[in-house]
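Scroll down for the structure; my scribbles are underneath it.
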């Protein structure tokens, strides 16, 4: 009871100081958190966890990752050394530290934290508890960040299974997991599986979210990307054109002219138009793609050379077509 009261007092004491953190005055926030540590170290070590965690968060935001790690570890050591530590609180700490390490891209430190949290929750919580789905998702994201997509898919599927067992039908979180699975399958060059999962995400989002919600827009854009690639690979250039035009139109409004995605989509759209013999339209998009690409890369770069060859090829085809048309007119 004494520790509970002391911790409550600690949080009340910190409330005005955390205001500096929330308002972005990091210098004052650090000063006051350090003062909090100085004062509380004279009373009970357990009350140091919040200011240590807050300092870790501040230094992490500032990109001072070594200092952030120092305070994260101090906070964790206090939690671990507490004789009456609460297992749920301990698991939450492990999960939070895992998130912090992952954001810092210290993957080798993040995974043990997540797995420690998972071990506790599997032991003390019901099998379908949302916390278990959360840590499965965190582990999946960690593996995805490391380009270990097979492991990522394994844990995203475990996340999805728990969501199916615990959440109502068409819950928005399903769509998030389907989207994540789609990205992971795509990175494995499994286009069909990627497309199946993003279609599921789009279907759910369209049922439960407003049309202008960022998740709806993001899932639709990713679906269009995959639909275009699939259609193009299958030789269905008219369908590829439909999705690519939509992507280009959206990206013209939201991206700079030299953005990698916009240039690539113009290039692919130009080829889809070329294969449908829509030569003038193909030429228009290829010119823009080539100009944008050559402005950012040297002339002898393989990508610039590829774009140049396509541009020359389209021009040559148009010239040949015009010459044949002139011959036909002369003969007639």
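The values are calculated or read from the model by the stated rules, or taken from the named source; none is laboratory data. Everything numeric here is computed off the predicted structure, so don't read it as measured data. Here the Cβ is made from the backbone with ideal geometry for all residues, glycine too, and neighbour counts use every protein chain on show.
Miscellaneous remarks
- Some residue of the stretch 248-257 being surrounded by 11 or more Cβ atoms within 10 Å (Cβ to Cβ), assigned to a loop (DSSP other than H, G, I, E, B) and at pLDDT below 95: yes
- Residue satisfying all of: in the stretch 294-325; without any contact (Cβ under 8 Å) to a residue 24 or more places away in the chain, part of a helix (DSSP H, G or I) and within 34 Å of the chain's Cα centre (by Cα); farthest from residue 281 (Cα to Cα) among these: 302
- Annotation: residue 169 fulfils all but one of (1) under 17 Å from the mean Cα position of the chain (by Cα); (2) at pLDDT below 95; the unmet one is (1).
- Selection status of residue 38, surrounded by fewer than 16 Cβ atoms within 10 Å (Cβ to Cβ), at pLDDT 80 or above and part of a helix (DSSP H, G or I): no
- Looking at 136, 156, 149, 178, just one residue is within 16 Å of residue 95 (Cβ to Cβ) and either surrounded by 15 or more Cβ atoms within 10 Å (Cβ to Cβ) or touching a residue at least 24 places away in the same chain (Cβ under 8 Å) (or both), and that residue is 136.
- When we screen 143, 71 for residues that are in contact with a helix residue (DSSP H, G or I) (Cβ under 6 Å, 6 or more places away or on another chain) and either closer than 19 Å to residue 177 by Cα or in the same structural domain as residue 177 (by the TED database) (or both), the only hit is 143.
- Leading residue by the ranking (surrounded by the most Cβ atoms within 10 Å (Cβ to Cβ)) among those in the stretch 75-124 that are assigned to a loop (DSSP other than H, G, I, E, B) and free of Cβ contacts under 8 Å to residues at least 12 places away in the same chain: 85
- You will find that of 73, 132, 120, 78, the residue that is farther than 12 Å from residue 56 by Cβ and at pLDDT below 85 is 78 and no other.
- Qualifying residue in the stretch 198-209 (condition: surrounded by 15 or more Cβ atoms within 10 Å (Cβ to Cβ) and within 16 Å of the chain's Cα centre (by Cα)): yes
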